[in-house]
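J.: Below: one structure in structure tokens.
The values are calculated or read from the model by the stated rules, or taken from the named source; none is laboratory data. Keep in mind it's a predicted model, so treat the numbers as computed, not measured. Methodologically, a virtual Cβ is constructed for each residue, glycine included, from the backbone with ideal geometry; neighbour enumeration extends over all protein chains shown. With ligands, DNA and RNA removed, areas are computed over all heavy atoms of the protein, side chains included. Shrake-Rupley method; radii C 1.70, N 1.55, O 1.52, S 1.80 Å.
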Amino acid sequence: LLFSNIMEDSRQMMPDLFFKNNGEIDLLTGTIAPNQFNQIVRRDSQLSDRNGSKLSIISISINMKKIHNKDSQLFLENALIEVNFKLKQIFRNSDCICRISQLGFWVLVTGVDDEISQDILKRVKQVLPNYFEIEISHRTKGQSQLDWYSQIDELHFKSN
């Protein structure tokens with residue numbers, strides 16, 4: 001119930017941003033579509049459980065409370081496009097960037113421990129405007145995808 005109230009408040013504050021994909025890519029930013037991302041996460045989770053590798057998702061989202069021109073659809077869409085290009089410069093080609101919501105991205109990274117993840121978050125924060133929130137969630141061995149996504153959703157939507 002609380003989550004639905006938060007989402008309703010967020011929708012009232014936010015202009016109607018372009019948020020469509022063709023099943024493979026987000027048509028605004030060119031990042032992979034959520035369905036493709038889910039398949040990759042499922043596969044990498046199974047691999048992680050078998051070989052003990054670390055798996056993390058970095059959540060990057062616009063905090064509407066920090067935006068002065070909230071009603072500017074063009075401003076927000078351009079910010080998302082620009083951020084995607086900056087993210088591609090920071091992350092490896094093997095890392096998956098997905099526009100998961102109207103206001104943000106999830107980035108799947110593998111083999112990242114606490115020290116490396118703090119370095120990545122620092123680098124991301126340095127290149128993104130201050131109205132972006134950046135969080136990370138590490139998957140625990142055997143954790144279901146649904147349970148992990150629930151944790152990341154809390155991080156991703158907490159500020160809006």
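J.: Is there a pair in K65/K125; K66/K141; K20/K122 whose C-alpha atoms are over 26 Å apart, and which pairs would that be?
T.: K66/K141; K20/K122
J.: Follow-up. Can you work out D for the chain in µm² s⁻¹ from Stokes-Einstein, where Rh is the Kirkwood radius over C-alpha pairs, the temperature is 25 °C and the viscosity is 0.890 mPa s? All intermediate terms of the calculation are to be shown ahead of the outcome.
T.: Values: Rh = 16.2 Å.
Once the numbers are plugged in, D ends up at 152 µm²/s.
J.: Leaving ligands, DNA and RNA out of it, report the carbon-plus-sulfur percent of the accessible area of the chain at a 1.4 Å probe.
T.: Roughly 50 percent, rounded to a whole number.
J.: Show me the trypsin sites (Lys or Arg not before Pro) within the range 102-160 that DSSP assigns to loop and that have at most 13 other Cβ atoms within 10 Å of their Cβ.
T.: K141, K158
J.: Just for the Cα atoms in the range 85-139, what are the lengths along the principal axes, largest first, rounded to whole Å?
T.: Over the range 85-139, Cα extents along the principal axes are 27, 21, 20 Å.
J.: Heavy atoms only, probe 1.4 angstrom, no DNA, RNA or ligands counted: give me S48, S94, S150 ranked by accessible area, highest first. The partial results should precede the final answer.
T.: On the way: S48 10, S94 85, S150 60 Å².
Result of the area sort, largest leading: S94, S150, S48.
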